[in-house]
Amino acid sequence: MAKLNVNPTRMELTTLKKRFSTAKRGHKLLKDKQDELMRRFIDMIKENNELRKAVEEELGASFKDFLMASAVMSTEYLEESIIFPKERISLDVKTKNIMSVNVPVMEFKREMEGDEGSIYPYGFANTSAELDGALERLYNVLPKLLMLAEVEKSCQLMADEIEKTRRRVNALEYMTIPQLQETIKYIKMKLDENERGNITRLMKIKSMMQEQEQNQ
Amino acid sequence: MYKIAVVGDKDSVLAFKAIGVEVFPVIETEEARKTIDRLASNNYAVIFVTEQVAKDLDETIERYNRALLPAIILIPSNQGSLNIGLQRIKDNVEKAVGVNIL
C-alpha cells in the first residue's frame, strides 16, 4: 500500500495520528450501520418477495375475470359502467427514518362516496357477473398492492444506501486506514533514523575533538 | 395530499378505474415516458406501471428509484407477468447483499 506524500515531520505525525483514530472510529460506526441496515433489509426484502408473488397472482386472476367480462359485454357498456367510480383513493405520505435512510410510510384513504353499500359503481341490469367478480377481486387486492408499493420503495432505497455504506466501509478499510498506518510508520522510522544519525554525528565529533586535544 | 395513478395499456388499466384509482392508458413507449414524468412532477406518490410498458422504460424508472417519491411499482398486465418485478427484487438483493439469498 502506497504511503501518503507528506513531509516526515513531528507535526505531520501528530495530524496523521489524529486522522488515523478518526478513520478507525468512522470505520467502526459505518460497519455497525451496515450490519444493522442489512439485517433490516433482509427482513423487508423477504416480505417484499412474498407480497409481490401474492399480488401478482391475485392481480392475474382479477385480470382474467376482467378479460372475460369484457368479452361477454360490449366495450361501450363496459366503459360506461365503470367510468364513474364510487370511491376515490388518495394517500398521505410520511417519512420514517431507518438507520438514516428516509423511507416513505404511506397511509391510504379510501373515501367511499355515499353509502357503505356495494362497491360497484353500476347497476346490475346491463353488466355481467364476471365484471362483479373481477372488481371484487381487484378491490380486495388493492390494500396489498398499496402495501407492496410502500415495502418495495423502502427496499429500493435501503439497497441503495447499503451499497453506498459498503463502498465507504471498504474505502476506509482497504485504502484510508492502511495508507495512514503506512505513513505513520514511515514518519516514525524517518524520525528515529534522524535521531540515530544525530547521535552518531555527535559521537564522531566528540572523538575527533578528543584526538585533537591529545595531539596538541 | 398525494395521488395514485396506474399507467399501462388500456385493457389492463381499465379495471382500476372502477375502484377509484386514476388511470392513464398509453400505447407508445415515448408517450408512456412522458406520462410518467408528468405524473411524477404532479404530486403522484405511487405510480403503478404495467410490466409490458415498463420493459422499455428502464432509464426513466431507474431515475425515480433513487428519489423518495414517487414510488414506481410494476404490476403484471392482463397478458400475464413478465417477471420484471420479481427480477427487480432480486437485483436489489444482489446490490445490497452481493449474492441472491432468496
Check your understanding: Looking at this structure, is residue B:62 within 24 Å of residue A:34 (Cα to Cα), charged (D, E, K, R) and surrounded by 14 or more Cβ atoms within 10 Å (Cβ to Cβ)?
Key -> no
Practice item. Could you list all residues from region A:56-93 that are out of contact with any strand residue (DSSP E or B) (no Cβ under 9 Å at 6 or more places or on another chain), without any contact (Cβ under 8 Å) to a residue 24 or more places away in the chain and within 30 Å of residue A:104 (Cα to Cα)? Key: A:57
**Study point:** Checking residue B:67 against (1) within 11 Å of another protein chain (Cβ to nearest Cβ); (2) out of contact with any strand residue (DSSP E or B) (no Cβ under 9 Å at 6 or more places or on another chain); (3) within 27 Å of residue A:67 (Cα to Cα); (4) hydrophobic (A, V, I, L, M, F, W, C), the condition it does not meet
**Key:** (3)
Review point. How about region A:61-88: which of its residues are farther than 19 Å from residue B:20 by Cα, surrounded by fewer than 16 Cβ atoms within 10 Å (Cβ to Cβ) and under 44 Å from the mean Cα position of the chain (by Cα)?
Key: A:61
Revision key, fill the gap. Within region B:55-102, the count of residues that are hydroxyl-bearing (Ser, Thr, Tyr) and in contact (Cβ under 8 Å) with a residue 60 or more places away in the chain comes to 1
Review point. Can we say residue A:131 is in a helix (DSSP H, G or I), within 30 Å of residue B:85 (Cα to Cα) and more than 27 Å from the chain's Cα centre (by Cα)?
Key: yes
Check your understanding: Restricted to region A:42-55, and to residues that are more than 20 Å from residue A:132 (Cα to Cα) and at the interface with another protein chain (Cβ under 8 Å from one of its Cβ atoms), which residue is surrounded by the most Cβ atoms within 10 Å (Cβ to Cβ)?
Key -> A:48
Check your understanding: Quick one: would you say residue A:10 is in contact (Cβ under 8 Å) with a residue 60 or more places away in the chain, surrounded by fewer than 13 Cβ atoms within 10 Å (Cβ to Cβ) and not polar (S, T, N, Q)?
Key -> yes
Revision key, fill the gap. Checking B:12, B:41 in turn, the sole residue that is more than 22 Å from residue A:154 (Cβ to Cβ) and in contact (Cβ under 8 Å) with a residue 60 or more places away in the chain turns out to be B:12
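Got a number for residues in region B:1-58 being small (Gly, Ala, Ser) and part of a helix (DSSP H, G or I)?
6
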Review point. Which one is nearest to the other protein chains (Cβ to nearest Cβ) among residues in region B:1-42 that are closer than 21 Å to residue A:91 by Cα and in contact with a Lys or Arg (Cβ under 6 Å, 6 or more places away or on another chain)?
Key: B:20
**Study point:** Filter result for the condition that a residue is touching a Lys or Arg at 6+ places or on another chain (Cβ under 8 Å) and closer than 16 Å to residue A:152 by Cβ, over B:47, B:61, B:89
**Key:** B:89
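Pull up region B:70-90, narrow it to residues that are loosely packed, with under 14 Cβ neighbours inside 10 Å and more than 7 Å from chain A (Cβ to nearest Cβ), then point me to the one that is nearest to residue A:95 (Cα to Cα).
This residue is B:87.
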Revision key, fill the gap. Restricting attention to region A:147-173, the residues that are touching a helix residue (DSSP H, G or I) at 6+ places or on another chain (Cβ under 7 Å), more than 9 Å from chain B (Cβ to nearest Cβ) and of a type outside the set (Ser, Thr, Tyr) number exactly 6
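Read-outs: derived from the displayed coordinates by stated rules, not from any lab. Because the structure is a prediction, the values reported are computed rather than measured. Quick reminder, even Gly has a Cβ in these numbers, built from the backbone with ideal geometry, and neighbours come from all protein chains shown.
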